[in-house]
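Engineer: What follows is a structure written as structure tokens; I'll ask about it next.
The values are calculated or read from the model by the stated rules, or taken from the named source; none is laboratory data. As the structure is a computational prediction, the values presented were derived from the model and not from experiment. Because the Cβ atoms are built from the backbone with ideal geometry, glycine has one as well, and the counts that use them run over all protein chains shown.
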Amino acid sequence: MEPTERFIDSVVRGMDSELEVDQLRKLKIVLTLNLNKYQIEESKNDLIIYDETSDIAAYKQYFVSKKLQGLSLGTLNLYKSTIDRFMRTVRRPFADITTNDIRMFIANRNMIDHISSATLSRERGCICRFFTWLYKEEYLSKDPGLRVEEIKVEKRIKKAFTPIEIELMRNATTSLKEKAVIELLLSTGCRVSELVSFTLENYDRDRGTIPVIGKGNKERIAFVNAKAKVAIDNYLNKSGHNSGPIIQGRKQGTPMDVSSIQKMISVIAERANVRHAHPHKFRRTAATLALKHGMDINDVRIFLGHSSMNTTLQYLDLTGVNFKEIHDKYLG
């Protein structure tokens with residue numbers, strides 16, 4: 001990597017915690033354009049304390065680059081936890097990591113930790129993408145992940161809630177807040193991380209719309225149907241708040257966090273005797289119901305905020321739907 005590139009990366013990395021993604025992108029563009037007319041040379045001072053080509057710098061720069069790509073905080077944290085687990089296991093510099101190190105880590109996760117093939121595949125992907133990036137950015141002279149075999153994952157049809165399960169959970173709610181959460185998830189098809197960001201300032205009650213910033217910093221509009229609107233109104237009348245997050249946490253003016261919503265859904269499902277319930281299943285259910293009620297599948301894609309039709313098809317519970325006809329129409 002050229003000194004100028006290293007300098008730009010160092011500045012962007014240093015400002016990562018201070019600037020938003022769009023600002024970081026602009027900073028990198030401005031630095032690249034302005035430094036194009038200058039020659040940067042590295043200092044040969046023997047008293048250099050921090051090596052900008054070190055593993056620490058490379059690690060930090062990788063996550064800055066992923067942030068600039070628009071990855072969500074949840075995805076970034078998942079990447080970090082996987083790479084950190086791998087490096088704690090191997091305990092060697094990046095340059096000394098071998099293909100066999102990665103293979104052994106995967107084998108141990110499979111045989112000792114007994115994780116699912118889907119999780120194993122995800123972890124393999126995180127680690128291999130990390131070392132591919134290090135190689136492409138010239139932190140490494142070779143890519144140890146290049147020859148690591150892919151993990152075969154059994155593809156299962158992911159189920160949506162049945163109409164009976166939905167009604168059982170509706171009946172099992174014991175507070176206006178729980179009812180509002182259930183109806184919002186079903187109506188908007190939003191991710192739980194998006195639901196906790198809904199604010200009254202952005203909620204257009206007359207039109208029943210809420211703007212959403214989803215994965216990849218993409219904006220879309222979430223729609224609140226009649227049942228959800230009534231549930232929200234009842235909850236707000238009870239709680240008495242008229243600003244800030246729609247669904248409040250324990251403290252006035254603070255939103256519920258993702259884990260609290262997940263726990264809430266788990267408790268409601270247990271009361272209703274509904275198995276395999278989690279917030280994301282409501283997203284799949286909302287999309288599946290929309291399709292079965294006649295929404296065009298491309299509109300379902302837009303509704304969910306997906307860029308790829310293939311991603312949307314993986315979300316849907318197409319039991320009883322002519323999947324081949326849909327697949328041929330959009331991906332044939």
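Engineer: Tell me which residues, restricted to the range 188-222, are within 16 Å of Leu304 (Cβ to Cβ), surrounded by fewer than 17 Cβ atoms within 10 Å (Cβ to Cβ) and touching a Ser or Thr at 6+ places or on another chain (Cβ under 6 Å).
Structural biologist: Listed by number, the residues that qualify are Lys215, Ile221.
Engineer: If you check Thr53 against the conditions, is it at pLDDT below 85, under 23 Å from Ile102 (Cβ atoms) and either under 16 Å from the mean Cα position of the chain (by Cα) or not in a helix (DSSP H, G or I) (or both)?
Structural biologist: The answer is yes for Thr53.
Engineer: Right, here's the next one. Determine if the range 77-85 includes at least one residue that is among the basic types (Lys, Arg) and modelled with pLDDT of 80 or more.
Structural biologist: Yes, that holds for at least one residue.
Engineer: Within the bounds of the range 97-105, is there any residue that is in the same structural domain as Gly14 (by TED's automatic domain parsing), modelled with pLDDT under 85, farther than 26 Å from Glu154 by Cα and out of contact with any Leu (no Cβ under 7 Å at 6 or more places or on another chain)?
Structural biologist: No - not one qualifying residue is present in the range 97-105.
Engineer: Given the range 170-259, what helices (runs of 4 or more DSSP H) lie entirely inside it while holding 3 or more residues that are closer than 27 Å to Leu73 by Cα and within 21 Å of the chain's Cα centre (by Cα)?
Structural biologist: The helices (runs of 4 or more DSSP H) meeting that bar are 176-188, 192-195.
Engineer: Turning to a different aspect of this structure: Within the range 156-173, can one find any residue that is in contact with a Pro (Cβ under 8 Å, 6 or more places away or on another chain), not acidic (Asp, Glu) and not assigned by TED's automatic domain parsing to the domain that holds Leu71?
Structural biologist: There is no residue in the range 156-173 that is in contact with a Pro (Cβ under 8 Å, 6 or more places away or on another chain), not acidic (Asp, Glu) and not assigned by TED's automatic domain parsing to the domain that holds Leu71.
Engineer: Same structure again: Leu176 versus (1) modelled with pLDDT of 90 or more; (2) under 30 Å from Lys292 (Cβ atoms); (3) surrounded by fewer than 17 Cβ atoms within 10 Å (Cβ to Cβ): which is the lone unmet condition?
Structural biologist: Going through the list (1) modelled with pLDDT of 90 or more; (2) under 30 Å from Lys292 (Cβ atoms); (3) surrounded by fewer than 17 Cβ atoms within 10 Å (Cβ to Cβ), Leu176 breaks only (3).
Engineer: Take the residues in the range 63-99 that are over 28 Å from Asp22 (Cβ atoms) and basic (Lys, Arg); name whichever of them is surrounded by the most Cβ atoms within 10 Å (Cβ to Cβ).
Structural biologist: So the residue we want is Arg85.
Engineer: List pairs: first residue in the range 302-315 and farther than 12 Å from Arg283 by Cβ, second residue hydroxyl-bearing (Ser, Thr, Tyr) and part of a helix (DSSP H, G or I) anywhere in the structure, Cβ distance under 6 angstrom, at least six positions apart or on different chains.
Structural biologist: Here the result reads Met309/Tyr330, each pair linking the range 302-315 to a residue that is hydroxyl-bearing (Ser, Thr, Tyr) and part of a helix (DSSP H, G or I).
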